[in-house]
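A.B. asks: A single structure is presented below for examination.
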Amino acid sequence: MTAALKNDLLLRALMRQPVPRTPTWIMRQAGRYLPEYREVRAEAGDFMSLCRNPDLACEVTLQPLRRYDLDAAILFSDILTVPDAMGLGLYFVAGEGPKFRNPVRTANAIRNLRIPDVEKELSYVFEAMRTVRRELNGDVPLIGFAGSPFTVGTYMVEGGSSRSFSTIKGLAAEAPDVLDELMNTIANTTIEYLNAQIDAGAQAVQIFDTWGATLEPDDFRRFSLASMQKIIDGLTRERDGRKVPVILFTKGAGALLADLADTGCDALGVDWTTDLATAREFVGDKVALQGNLDPAVLRESPDTIRQGVAATLASFGTGPGHIFNLGHGITPDIDPDHLGVLIDAVKELSPAYHT
Ligand code: CP3
């Protein structure tokens, strides 16, 4: 049996239900800015060995919750576990980010992609999830996640991180049907992957669409939005008598937030290039909003951080449906005490917006 949640503010805010204060979690809250994370990663050897070890993955998932009064945990893992399970051979080069030994660039390679046995090949993710749920003992909800098919597809096709996305944009222009097929294949596996995370204890899920908005709007709708829509339509939406909210985060979505709000998701992540007041105009009462302080603000003084928090809360304004977060992941150069200033400021300043 699952213990009742002691703090369900995140789930309530995602459903746009009233809360006494704005709940907070931080993208990449477990990571290199924390010395205790660097220690465990060194113990594991490398990043993927850390992801594959459920006890160590659980440990780093919980580290930020010991330091800060956060309202959610997010499983420590990566969006590229899915193509790794498809046989692309994920590895990391220090300072260069992720790489694939076997990128898929041609129609043939895309057609012949191996559909993985998700339960088996990604069992380390689900075991980590069950371990974290047990250790959390109902303190806060646990968030599961996956990448959007387009975002995951950029790494699969380019073979690693990219600035120009020239190979995948070439496919969009010259062989759109082939790219549709790749998006479908990734979407189908992602549905299984997220549903298995929900079975293993994820109480909300986020789809990270870091690169979708680098496409022109029509291509964004065809390749990124449509494949995320397919995933949402295939997800388990209720577990143990509770809704499992779905958050879509398209970085740099801007006016596309209006399209994203019609997918049937519960909440949208917003980055700092759109203020929350404008985002609210785009989405109306359809979905909750999550965000959106510029992670760069965490490099500044405590006073500047508090001002940034105050401005973010004021921009969303009063009423339910705001989850505080950064507009993208926290970076490795941040002083951990500065994140504490942010979290304390949300706690102190947000009740005024929930009367
Ligand atoms: O938010 C969390 O705390 C959960 C864990 C998480 C990680 N990656 C851990 C990680 C999540 C949700 C991700 C998502 C992810 N991974 C995205 C989408 C979100 C985003 O930030 O845009 C993308 C594009 C990836 C792919 C990826 N994984 C990249 C580009 C890198 C290298 C990044 C870098 O800064 O070097 C990774 C590795 C990675 N994933 C790290 C962490 C903590 C750094 C690993 C390390 O060196 O210890």
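The values are calculated or read from the model by the stated rules, or taken from the named source; none is laboratory data. Everything numeric here is computed off the predicted structure, so don't read it as measured data. Ideal geometry is used to build each Cβ from the backbone, glycine not excepted, and the neighbour counts take in all protein chains shown.
A.B. asks: Among (1) more than 10 Å from the ligand (Cβ to nearest atom); (2) within 25 Å of Asp180 (Cβ to Cβ); (3) not acidic (Asp, Glu), where does Thr81 come up short?
C.D. replies: (1)
A.B. asks: Continuing with this model, one more query. For segment 151-165: of the residues being touching a residue at least 60 places away in the same chain (Cβ under 8 Å) and within 11 Å of the ligand (Cβ to nearest atom), which is farthest from Phe249 (Cα to Cα)?
C.D. replies: Taking the candidates together, the pick is Gly160.
A.B. asks: While we're on this one: For segment 56-72, does any single residue satisfy the condition of being within 8 Å of the ligand (Cβ to nearest atom), assigned to a strand (DSSP E or B) and either of a type in the set (Val, Ile, Thr) or in contact with a strand residue (DSSP E or B) (Cβ under 7 Å, 6 or more places away or on another chain) (or both)?
C.D. replies: Scanning segment 56-72 turns up no residue that is within 8 Å of the ligand (Cβ to nearest atom), assigned to a strand (DSSP E or B) and either of a type in the set (Val, Ile, Thr) or in contact with a strand residue (DSSP E or B) (Cβ under 7 Å, 6 or more places away or on another chain) (or both).
A.B. asks: Tally the residues that are within 16 Å of the ligand (Cβ to nearest atom) and either in a loop (DSSP other than H, G, I, E, B) or not hydrophobic (A, V, I, L, M, F, W, C) (or both), restricting the search to segment 197-217.
C.D. replies: Within segment 197-217, residues that are within 16 Å of the ligand (Cβ to nearest atom) and either in a loop (DSSP other than H, G, I, E, B) or not hydrophobic (A, V, I, L, M, F, W, C) (or both) number 12.
A.B. asks: Please list, ordered by first then second residue, the pairs with beta carbon atoms under 6 Å, 6 or more apart or interchain, first in segment 296-325 and touching a residue at least 12 places away in the same chain (Cβ under 8 Å), second surrounded by 14 or more Cβ atoms within 10 Å (Cβ to Cβ) and among the polar types (S, T, N, Q).
C.D. replies: Leu313/Ser350; His322/Thr22; Ile323/Gln290; Phe324/Thr22; Phe324/Thr24; Asn325/Gln290
A.B. asks: Under 7 Å by Cβ, and 6 or more places apart or on different chains, what pairs join a residue from segment 167-193 that is free of Cβ contacts under 8 Å to residues at least 60 places away in the same chain with one that is charged (D, E, K, R) and in a helix (DSSP H, G or I)?
C.D. replies: Once the first residue is free of Cβ contacts under 8 Å to residues at least 60 places away in the same chain and sits in segment 167-193, its partners that are charged (D, E, K, R) and in a helix (DSSP H, G or I) give Ile168/Glu158; Ala172/Asp219; Ala187/Lys230.
A.B. asks: Kindly indicate whether any position in segment 13-22 is surrounded by 22 or more Cβ atoms within 10 Å (Cβ to Cβ), part of a helix (DSSP H, G or I) and at pLDDT 95 or above.
C.D. replies: Checked segment 13-22: at least one residue is surrounded by 22 or more Cβ atoms within 10 Å (Cβ to Cβ), part of a helix (DSSP H, G or I) and at pLDDT 95 or above.
A.B. asks: Separate question: Can you give me the number of residues within segment 307-341 that are within 17 Å of Leu10 (Cα to Cα) and part of a helix (DSSP H, G or I)?
C.D. replies: Number of matching residues: 2.
A.B. asks: Look through segment 127-175, keep the residues that are surrounded by fewer than 22 Cβ atoms within 10 Å (Cβ to Cβ) and aromatic (Phe, Trp, Tyr), and return whichever of them is nearest to Phe100 (Cα to Cα).
C.D. replies: Across segment 127-175, the extreme among qualifying residues is Phe165.
A.B. asks: Quick check: anything in segment 8-29 more than 24 Å from Val270 (Cα to Cα) and more than 9 Å from the ligand (Cβ to nearest atom)?
C.D. replies: No, that holds for no residue.
Listed here are the residues, each with its yes/no results for (1) among the small types (Gly, Ala, Ser); (2) within 16 Å of the ligand (Cβ to nearest atom); (3) crowded, with 17+ Cβ neighbours inside 10 Å; (4) modelled with pLDDT of 95 or more.
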position	(1), (2), (3), (4)
Val246	no, yes, yes, yes
Lys251	no, yes, yes, yes
Ala261	yes, no, yes, yes
Asp266	no, no, yes, yes
Ala288	yes, no, yes, yes
Val297	no, no, yes, yes
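A.B. asks: Collect the residues in segment 70-90 that are farther than 20 Å from Ile115 by Cα and over 14 Å from the mean Cα position of the chain (by Cα), keeping them in residue-number order.
C.D. replies: Leu70, Asp71
A.B. asks: Under 6 Å by Cβ, and 6 or more places apart or on different chains, what pairs join a residue from segment 241-267 that is farther than 22 Å from Ile26 by Cβ with one that is crowded, with 18+ Cβ neighbours inside 10 Å and of a type in the set (S, T, N, Q)?
C.D. replies: Matching pairs, first to second residue: Gly254/Thr274; Thr263/Gln229.
A.B. asks: Now for a separate question. I'm trying to understand the selection: among the residues of segment 250-302, which are part of a helix (DSSP H, G or I) and among the hydroxyl-bearing types (Ser, Thr, Tyr)?
C.D. replies: Thr263, Thr278
A.B. asks: Can I ask one more? Give the residues of segment 92-117 that are surrounded by 15 or more Cβ atoms within 10 Å (Cβ to Cβ) and within 16 Å of the ligand (Cβ to nearest atom), sorted by residue number.
C.D. replies: Hits for segment 92-117 are Phe92, Pro98, Lys99, Phe100, Pro103.
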